[in-house]
Amino acid sequence: MAKKVQTKSTEEILWDSANKLRGSVEPSEYKHVVLSLIFLKFANDKFLKRREELRHEGKDAFLEIPEFYQAENVFYLPEESRWTYVMEQAKQEDITLKIDSALKTIERTNKSLEGALPDNYFSRLGLDQSKFSALLDTINNIDTLKDESHDIVGRVYEYFLSKFAIAEGKGKGEFYTPKTIVNLIAEMIEPYKGKIYDPSCGSGGMFVQSLKFIENHKGNKKDISIYGQELTNTTFKLAKMNLAIRGISSNMGMKAADTFSDDQHKDLKADYIMANPPFNLKDWRAENELMNDPRWAGYEVPPKSNANYAWILNMISKLSQNGVAGFILANGALSGGGEEYKIRKQIIENDLVEAILILPQSMFYSTDISVTIWILNRNKSERIVEVNDGIKNYRNRKGKVLFMDLRQKGEPFEKKFIQFGEEEITDIAIHYHNWQQQNWRETYQDIPEYSYSASLEEMRKKDYSLVPSKYIEFVNRDESLDYDEQMQSLQAELKDLFQQESKLKGEVSNVFKTLGYEL
């Protein structure tokens, strides 16, 4: 009998190898170790490929000129930054110093990577020499360019970011938004061309999925400009690496900074905004801070007790004339009182809300609170828009909001999580787009427990609540139950249980009697 061959994907092999670092490095740290090394290997493979191309073109004299690499979106690597040099030193005690030096040199030689790579990181960690050496060997065996059409490095990055987010658990993993939620937002707001902004960009996942959307819809990546901001320095670097490794140029601001107190894109008007800001962030400003910030113009000042509406107003202030935003917030924002109520009322009266979708629970790795996708649109008027793969014939949706309840959607993932399937994402997006189009009466209809197209008047009557269950029809299944039939079924079930109990009593009694302890 032939021996069963155990096959593991590259991602799984790498994950197993990275896991061996447990104990010598904190889990919150070793993602930076692994992802930095993958970056170094990938940069090296691309560099060697370009070097061969130059040789093939008879340009040996230009092999050490960075511009001949950078013109092709390839990072130039000085000798001491090349993977081959790193592997030659892999068994030496100062290998971590060599890697720090390699990353620093790459960053210094390639301006687009400024501030992106870890600084003197490896040598400070006290890594176990043998485990680290094994990890280097594993990465050394990966040909990152073997099948460029399948973006193996991008896949590894995505796989690791999600695995790290799961491993770090609740309260952590904030750098990662589950891929299927990001896919759904991209399919709904359709970022074909223009400026894309994420005010709390984490590891840059929203941008990566935007680019995938463009590729899937026959678009050109050069039609998109990326603008992001991130508070945490290590996550800021992670995002820059994540984008650089995929050849995506971006404007992430001058530094890692707080979006509210140090806005890195003050004059930006974005065509698309995608975001997953921290849920229910408290004390995001001091008591009297940012009271006259221009981003709140026309609205109440967002309360310092919760940043949800500060994020919303920040995004609204940066939407262009035809701008669309898709973002995720905790459900509490749908019906909060006080200042939040006043801001929400004004946003609804200003007719900026286009759709509200409530998501299933257990989709996030870092929290199990209930969350909602908000779609805001500055232009809900009738218009025709030409896009890469067709014509969008939008109807006038002024004074209308689509509510959708997705809590019955999704499939199990990693045992305790839920994610959307690809077909589900397509179906949800089509349902939404059908509702937007001129021929909507032929292609769209309200569906009980799933969707409802509400008017501004209805929202006024519901006191500006955006809770979907207040609008979407509820099906009372109890009404259709046959009482007699249900009682007969229950009767049979109980009768069977009683018989089993009686039989079990007899068997236990006999066992004790056999042992000389009659009951």
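The values are calculated or read from the model by the stated rules, or taken from the named source; none is laboratory data. The structure displayed is predicted, hence computed values, not measured ones. We place every Cβ from the backbone using ideal geometry, glycine too, and count neighbours over all the protein chains shown. Just the protein is used for accessible areas: all its heavy atoms, side chains included, with ligands, DNA and RNA removed. Shrake-Rupley method; radii C 1.70, N 1.55, O 1.52, S 1.80 Å.
Computed values, structure above
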read-out: Residue-count net charge about Ile358 - beta-carbon cut-off 9 Å; Lys, Arg +1, Asp, Glu -1; value: 0
read-out: Cα gyration tensor, segment 480-519 - rounded (a/c under 1.5), prolate or oblate; value: prolate
read-out: Sequence-distant residues sharing a close amide H with Glu354 (under 5 Å, placed H); value: Ile375, Leu376, Asn377
read-out: Simple Cβ-charge dipole of segment 42-152, Lys/Arg +1 and Asp/Glu -1, about Cα centre, in debye nearest 20; value: 140
read-out: Paired Rg and Dmax values of the chain, which use every Cα atom, in angstrom; value: 27.9, 100
read-out: Relative contact order for the chain, counting Cα pairs under 8 Å that sit 6 or more residues apart, in percent; value: 11
read-out: Computed E for Asp137/Glu52 - FRET, C-beta separation, R0 25 angstrom, nearest 0.05; value: 0.55
read-out: Under 13 Å from Lys195, Cα to Cα: aspartates and glutamates that are on another chain or at least 8 residues apart; value: Asp223, Asp267, Asp271
read-out: Within-14-Å neighbourhood charge of Lys193 [Cβ basis; K, R +1; D, E -1]; value: -1
read-out: Entries in Lys318/Lys345; Lys104/Lys269; Lys222/Lys269 that, when Cα-Cα distance is taken, lie over 26 Å; value: Lys104/Lys269
read-out: Computed E for Glu349/Gln321 - FRET, C-beta separation, R0 22 angstrom, nearest 0.05; value: 0.70
read-out: Peptides ranked, highest mean first, by Cβ atoms within 10 Å: ranges 86-97, 313-324; value: 313-324, 86-97
read-out: Kirkwood hydrodynamic radius over Cα pairs of segment 229-304, then Stokes diffusion coefficient at 37 °C and 0.692 mPa s, in µm²/s; value: 227
read-out: Karplus-derived 3J(HN,Hα), 6.51/-1.76/1.60, for each residue of segment 103-120, Hz, glycine and proline x; value: 5, 5, 5, 4, 5, 5, 7, 10, 4, 5, 9, 4, x, 8, 9, x, 10, 6
read-out: Kirkwood-based shape ratio for segment 378-513, expressed as Rg/Rh from alpha carbons; value: 1.28
read-out: Cα-centred dipole magnitude for the chain, charges only on beta-carbon of K, R (+1) and D, E (-1), debye, nearest 20; value: 700
read-out: Ranked by how many other beta carbons lie within 10 Å on average, peptides 382-393, 340-351, 440-451 from highest; value: 340-351, 440-451, 382-393
read-out: Solvent-accessible area of Asp16 with every protein chain in place, 1.4 Å probe, in Å² to the nearest 10; value: 60
read-out: Dipole in debye (nearest 20) - segment 342-436, about Cα centre, beta carbon charges: Lys, Arg +1; Asp, Glu -1; value: 640
read-out: Residue-count net charge about Asp405 - beta-carbon cut-off 15 Å; Lys, Arg +1, Asp, Glu -1; value: -2
read-out: Estimated inter-spin distance, Gln486 and Lys221, nm [label 7 Å along Cα→Cβ]; value: 5.7
